[in-house]
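The values are calculated or read from the model by the stated rules, or taken from the named source; none is laboratory data. Nothing here was measured: the structure is a model prediction, and the numbers come from that model. Every residue, glycine as well, gets a Cβ built from its backbone with ideal geometry; the counts of neighbours run over all protein chains shown. Note: areas computed on protein heavy atoms with side chains; ligands, DNA, RNA excluded. Shrake-Rupley method; radii C 1.70, N 1.55, O 1.52, S 1.80 Å.
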Amino acid sequence: QVQLVESGGGLVQPGGSLRLSCAASRSIFNIYLMGWYRQRPGKQRELVAIFTSGGGSVYADSVKGRFTISRDNARNTVYLQMNSLKPEDTAVYFCNAHSSAVNFWGQGTQVTVSS
């Protein structure tokens, strides 16, 4: 079992920045692929950014050039740097760790972009 704990959400004005963190309960980056998803009001959960098995990263078109996923292996932590935030980025953001066999989710952190 893996516990994922997100933090860093909050209220920010349009054009502002936030950095989300996802702390894993143990070293898992060499076992599972990590990523961030979000669920906007009234919408299904959607991919934001993930690491690929080849070591790269993939982003949703809506966040390309504004969001960056990164990780600190020593801290077992994945980050999502979000810049130039827009009201449509308002959502609950979830950290995910998965393999072909299992899928773990954090509890989510709320991001609200509003003036």
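Each label point is 7 Å from the Cα along the Cα-to-Cβ direction; what then is the distance between the points at Glu46 and Gln1, in nm?
Between Glu46 and Gln1, the simple spin-label model gives 3.3 nm.
Over the heavy atoms of Ile69, what accessible area does a 1.4 Å probe trace out, to the nearest 10 Å²?
10 Å²
When only alpha-carbon atoms are used, what values of Rg and Dmax, in angstrom, describe the stretch 1-92?
Cα only, the stretch 1-92: 13.2, 38 Å (Rg, Dmax).
Please list 80-92, 97-109 highest first by mean number of surrounding beta-carbon atoms within 10 Å per residue. Mind showing how you got there, number by number?
Working: 80-92: 17.6, 97-109: 14.4.
Per-residue mean Cβ counts within 10 Å order the peptides as 80-92, 97-109.
Quickly rank 54-65, 9-20 as a protection proxy: mean count of other C-beta atoms within 10 Å, highest first. If you can, show how the numbers build up before the last one.
Values: 54-65: 11.8, 9-20: 14.8.
The peptides rank, most packed first, as 9-20, 54-65.
Write down the Å³ per residue value for the convex hull defined by the alpha carbon atoms of the stretch 41-115.
Details: hull volume 9.3 nm³, N = 75.
It comes to 123 Å³ per residue, whole-number rounded.
Using a 1.4 Å probe over the heavy atoms of the protein chains, calculate the carbon and sulfur portion of the accessible area of the chain as a whole percent.
Working: 2760 of 5960 Å².
C and S atoms contribute 46 percent here.
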